[in-house]
């Protein structure tokens, strides 16, 4: 199964280099935030970037999400790391220094409670930009952001109608038991296959689970080598799959 219906989507040609963002940066609840999509949109997606922050491949993904479906979205991607993301040269770690820096980053800046506590304020402030004064919200996260999307979809969730994890980091099958909204998990070949399978098995909601078996961790975000034809094809298919899921459930 591809998870993609014929109705979805009109994705523009994927740009490998020199991508020109279609959105703009706004300050949302004190955070620099990439905002894209039509101001008239009634639905919104909170995008949680990976640990490498605002990368062209991730920005392009946000633009794709905003306007490529017949259902248009206002997309918000806050800079939760406040200008200090992880260095992409640390991953995959080549030496002990890289391992140490990544470990420290995950324990400090990327500790999930730090981000989860900021989400209500971001959503509240962003909703002021809605033409109607409120949005119907969904959430999508890459890598570390997938963990955030999963945790934000738990028993306390009163905000999001659907969630998607793309090549998630720190995937925990136990998290799935608490998820209360439709959930998609788009895994790469680098995630633990049993954890992916067990996470899906523990979901008690509508869900879609697929492993993109030719792709590395990060293929829909910062680590995507869009010069590679196969990567470009699967990057596009990943976004088609995500949009189709949101179209059905958001």
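Summary table
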quantity: Residue within region 17-29 that is part of a helix (DSSP H, G or I), surrounded by fewer than 18 Cβ atoms within 10 Å (Cβ to Cβ) and either without any contact (Cβ under 8 Å) to a residue 40 or more places away in the chain or touching a strand residue (DSSP E or B) at 6+ places or on another chain (Cβ under 9 Å) (or both) present; calculated: no
quantity: First in region 190-208 and at negative phi, second anywhere and exposed (fewer than 15 other Cβ atoms within 10 Å of the Cβ), Cβ under 7 Å, 6 or more apart; calculated: 202/177
quantity: Residue tally, condition modelled with pLDDT of 95 or more, over 16 Å from residue 120 (Cα atoms) and assigned to a loop (DSSP other than H, G, I, E, B), over region 142-169; calculated: 3
quantity: Selection from region 56-82 of residues that are under 20 Å from residue 27 (Cα atoms) and out of contact with any helix residue (DSSP H, G or I) (no Cβ under 8 Å at 6 or more places or on another chain); calculated: 56, 58, 59, 60, 62, 63, 66, 79, 81, 82
quantity: Among the candidates 242, 250, 176, 222, residue that is surrounded by 18 or more Cβ atoms within 10 Å (Cβ to Cβ), touching a strand residue (DSSP E or B) at 6+ places or on another chain (Cβ under 6 Å) and over 16 Å from residue 11 (Cβ atoms); calculated: 250
quantity: Region 57-88 - residue that is touching a strand residue (DSSP E or B) at 6+ places or on another chain (Cβ under 6 Å) and closer than 19 Å to residue 248 by Cα and, of those, surrounded by the most Cβ atoms within 10 Å (Cβ to Cβ); calculated: 73
quantity: Options 47, 4; residue that is at pLDDT 95 or above, within 22 Å of residue 186 (Cα to Cα) and touching a helix residue (DSSP H, G or I) at 6+ places or on another chain (Cβ under 9 Å); calculated: 47
quantity: Region 106-141, residues that are at pLDDT 95 or above, within 29 Å of residue 217 (Cβ to Cβ) and surrounded by 18 or more Cβ atoms within 10 Å (Cβ to Cβ); calculated: 115, 119, 122, 123, 126, 137, 138, 139, 140, 141
quantity: Members of region 211-250 found to be farther than 18 Å from residue 68 by Cβ, touching a helix residue (DSSP H, G or I) at 6+ places or on another chain (Cβ under 7 Å) and not in a loop (DSSP other than H, G, I, E, B), listed by number; calculated: 211, 212
quantity: Residues satisfying the stated conditions in region 32-52, i.e. under 21 Å from residue 83 (Cβ atoms) and crowded, with 20+ Cβ neighbours inside 10 Å; calculated: 33, 34, 35, 36, 46, 47, 48, 49, 50, 51, 52
quantity: Some residue of region 48-56 being farther than 29 Å from residue 234 by Cα, touching a strand residue (DSSP E or B) at 6+ places or on another chain (Cβ under 9 Å), in contact (Cβ under 8 Å) with a residue 60 or more places away in the chain and part of a loop (DSSP other than H, G, I, E, B); calculated: no
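The values are calculated or read from the model by the stated rules, or taken from the named source; none is laboratory data. What you see is a predicted model; the values in this text were computed from it and never measured. All Cβ positions, even for glycine, are placed from backbone atoms using ideal geometry, and neighbour counts span all protein chains on display.
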